[in-house]
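Scroll down for the structure; my scribbles are underneath it.
The values are calculated or read from the model by the stated rules, or taken from the named source; none is laboratory data. The structure displayed is predicted, hence computed values, not measured ones. For neighbour counting, all protein chains shown are included, and Cβ atoms are generated from backbone atoms with ideal geometry for every residue, glycine included.
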Amino acid sequence: MIWETIVTTRAANGRVHIAPMGIRVEGDRVVLAPFRPSATLDNVLDSGAAAVNATDDVRIFAGCLTGRRDWSTVPCESIPCDRLADPIGHRELRLARIEEDATRPRLVCDVVLERSHRPFRGFNRAQAAVVEAAILVSRLSMLPAAKIESELAYLAIAVEKTAGPAEREAWSWLLARVEQFRGESRQEKI
Ligand SMILES: Cc1cc2nc3c(=O)[nH]c(=O)nc-3n(C[C@H](O)[C@H](O)[C@H](O)COP(=O)(O)O)c2cc1C
């Protein structure tokens, strides 16, 4: 099973890095699998630490994919790292082992602390749609244009029916990025 989360890490110069990432839970451990090159990978290898944040603020997923990475963070309690300021919950990880791979190494981590900050209030279809659309945006150059168009058209139904202001804002950022990509693709063909 893969959980879509926000992974926060700290660079050697203290700069916080925020990235959406799917994580796996394997027994007591959490596995991160960043594709190379990756700032998350560099930071975890350097600091030996990462925080995994569960959030329903899908603007953070969409924002990171559209150049908006400046989300509020606070220092972690037990590791040299930062976490989101207002997640539903977070886990603090220490790197236990690396499974090397030229494309996508696996970072196997111990969970050293887990905190709940807010209750989970239920599923929202627009939030799920934004996360799916963010994944599409992360693969724009790999997917056929027709597939992107048809999937966005389907996901838009859930946004229209069930979104609140945050979901609408996140959705608009992603659509703007898709439009920009379409424009760039047209330019390349001219
Ligand atoms: C929901 C979601 C899940 C993602 N999961 C991963 C992942 O498991 N590994 C990865 O390398 N990128 C993943 N991405 C894409 C990264 O967030 C994006 O490429 C990011 O910039 C990673 O590179 P970085 O570590 O340099 O920031 C995901 C994106 C989304 C929207």
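Quick rundown of the values:
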{"quantity": "Some residue of the range 52-59 being in contact with a Phe, Trp or Tyr (Cβ under 6 Å, 6 or more places away or on another chain), among the hydroxyl-bearing types (Ser, Thr, Tyr), at pLDDT 95 or above and in a loop (DSSP other than H, G, I, E, B)", "calculated": "no"}
{"quantity": "Some residue of the range 170-187 being among the hydroxyl-bearing types (Ser, Thr, Tyr) and either within 24 Å of Ala54 (Cα to Cα) or under 22 Å from the mean Cα position of the chain (by Cα) (or both)", "calculated": "yes"}
{"quantity": "Enumeration of residues in the range 65-93 that are among the basic types (Lys, Arg) and either outside any strand (DSSP E or B) or out of contact with any Lys or Arg (no Cβ under 9 Å at 6 or more places or on another chain) (or both)", "calculated": "Arg68, Arg69"}
{"quantity": "Single unsatisfied condition, Cys76 versus (1) buried (at least 20 other Cβ atoms within 10 Å of the Cβ); (2) closer than 30 Å to Arg125 by Cα", "calculated": "(2)"}
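For every residue, the table says whether it meets (1) free of Cβ contacts under 8 Å to residues at least 24 places away in the same chain; (2) of a type in the set (D, E, K, R); (3) out of contact with any helix residue (DSSP H, G or I) (no Cβ under 9 Å at 6 or more places or on another chain); (4) closer than 27 Å to Leu41 by Cα.
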{"position": "Asp101", "(1), (2), (3), (4)": "yes, yes, yes, yes"}
{"position": "Arg104", "(1), (2), (3), (4)": "no, yes, yes, yes"}
{"position": "Glu114", "(1), (2), (3), (4)": "no, yes, yes, yes"}
{"position": "Phe120", "(1), (2), (3), (4)": "no, no, yes, no"}
{"position": "Phe123", "(1), (2), (3), (4)": "yes, no, yes, no"}
{"position": "Glu132", "(1), (2), (3), (4)": "yes, yes, no, yes"}
{"position": "Lys161", "(1), (2), (3), (4)": "no, yes, no, no"}
{"position": "Trp173", "(1), (2), (3), (4)": "no, no, no, yes"}
{"position": "Gln187", "(1), (2), (3), (4)": "yes, no, yes, no"}
